[in-house]
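As structure tokens, the structure follows; a few thoughts come after it.
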Amino acid sequence: MYAVRSGLRRSRYLFRCLSFKPPTVHPAASPSRSLQSLLPNCSGSTNFPHPNLWHLPLIGLVCLCATKDDVFDAIKSKKYRYIQKIMKEDKNLCDVRHPLGWTPLMLAVVLRDVEMTKQLLDLGANPNLVDQYPGSLKLARETHVYHGDIEWRRLTQFTDFLNPSADFRGCTALHYAVLVNDLSLVRLLVDKGADVSIVNERGHRPIMYAKDRSIKELLSKAETELEKKKAEKEREERRLQPLESRLRKALVGQEAAIRTVSAAIRRKENGWYDEDHPLVFLFLGSSGIGKTELAKQIAAYLHKDVKKGFIRIDMSEYQQKHEVSKFIGSPPGYIGHEQGGQLTQALSACPNAVVLFDETEKAHPDVLTALLQLFDEGRLTDGRGHTIDCKDAIFIMTSNVGSQVIAEHAQALRQASGDSEADIELSRDFKENVMRPILRHNFLRDEFLGRINEMVYFLPFSTSELTQLVYRYLSTWQERASKRHSISLSWDREVIDLIVDGYDVYYGARSIQYEYITRGHSTLRVLLVQTSSLTSHE
């Protein structure tokens, strides 16, 4: 079997030993030719020294097919024509991986072979694949192979320029081009579409390894152009689907809230806001009325990575004075000092995130003091003394303070208009003379309220909006029933009206969901039991 893997020259020797005439055409170039069609090339079974070993010529055929080792050996030997030939025959070889994790393109780069690098890129090699080499010690623990053997393979089969015990996971060909300090390779890779923003496992972009001034300038310019392209793409996506459209698809009703939030964010995007202070909202209204969902949709609109760009903190966890340390981190000398706080850790990872402070009125006054600094200066200092600049973040507080007053006033406005479907809006007089005293009593400080850019009021659902909610819930369960249980659900208007009647103005959409679960699920379960009973009797 060693001869089978040893390469083309040794394979021809094997064919001669087996009295086998090698085919004149490379099998990979004629995939339609089967092994059986190649058997007549044997000189005949009568001349074969061992008739019971007739299959050995077929094993020898494997020698004519390019292997992973052939690719990497050919690159190290600068066999340009051979690489051109085998990769045209098999495109998968362009990005084949070495058993230790690197690709042919990475090997060509660390060898500083510009011609081979260009050839591989022209043949279709992906410049943005990342190395999977974790370092000799980690790989030795995973594979139970002596780390010295792994280091020897890295040094002899890849490069002796880089430390074989270091972790190179996440490094692209561009990272390696910068590490070997070759401007021509860096320029070639950038021109061929290498992503300058990719970070490796250590969190480093290629430019962070640059020592040469020319390479730094080239990568800096490429990063700037990439950011412009991404921003232009995001603007185009937002133009095709404005924030208002996205919010209306996700939420039912709340037109006034959608207009207020969309206008404020549009001003921020266009630069019409105070850049020294973050944008701060206070969402007011009953539970289950869309406050949290609106915050999530804003994060989805502004950030591709929603998990990182949306931070949710339940302020009911910070009701005691000593729990402030969980928020921004413990002071020096205390347990957990090195870890930082929940908010500071999240903002360090994404300083321009959308941060939701849920049920803010439940937090201890000392926590509100920390928020006051955050809203006023756009920065936060953790227990370790590290300052986090987050002026580009958007902070959203939710509160149920005054929710009953808001709901009752909205219902009164609808009754006064004589139209239960009227698009009502709370008056300035109500906000200043009714709601502000309530907020001042709960948040204690006028300066805290003064740092809020927009107070957004969420109103109870109208009858038509409740109907839309019920339709959404029923459609969701209709799809689940079909997928999971192969049951087709349908309903008439009376079912919708029955669920709508269970609406509680103080619990919002949750009351609709509860009504459906208690009534709809129970009825459906009874019907299924009856159906199964009838089937068993039959």
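Numbers below:
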| quantity | calculated |
| --- | --- |
| Protection proxy ranking of 322-328, 280-286, 356-362 - average other beta-carbon atoms within 10 Å, highest first | 280-286, 356-362, 322-328 |
| Coil-residue chymotrypsin sites (Phe, Trp or Tyr not before Pro) of the range 149-182, DSSP, other Cβ within 10 Å capped at 16 | F161 |
| Long-range Cα-Cα pairs in the range 244-457 (distance over 31 Å), rounded percent | 21 |
| Trypsin sites (Lys or Arg not before Pro) within the range 223-325, DSSP loop, no more than 13 other Cβ atoms inside 10 Å | K304 |
| Per principal axis, descending, Cα span of the range 92-232 in whole Å | 49, 30, 27 |
| Scattering profile of the range 201-320 at q = 0.11, 0.12 Å⁻¹ [log10 I(q)/I(0), Debye over alpha-carbon scatterers] | -0.56, -0.65 |
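FYI, it's all coordinate maths here, none of it is from the lab. Keep in mind that this is a model prediction, so the values were computed, not measured. Cβ: placed from backbone, ideal geometry, glycine included. Neighbour counts: every protein chain shown.
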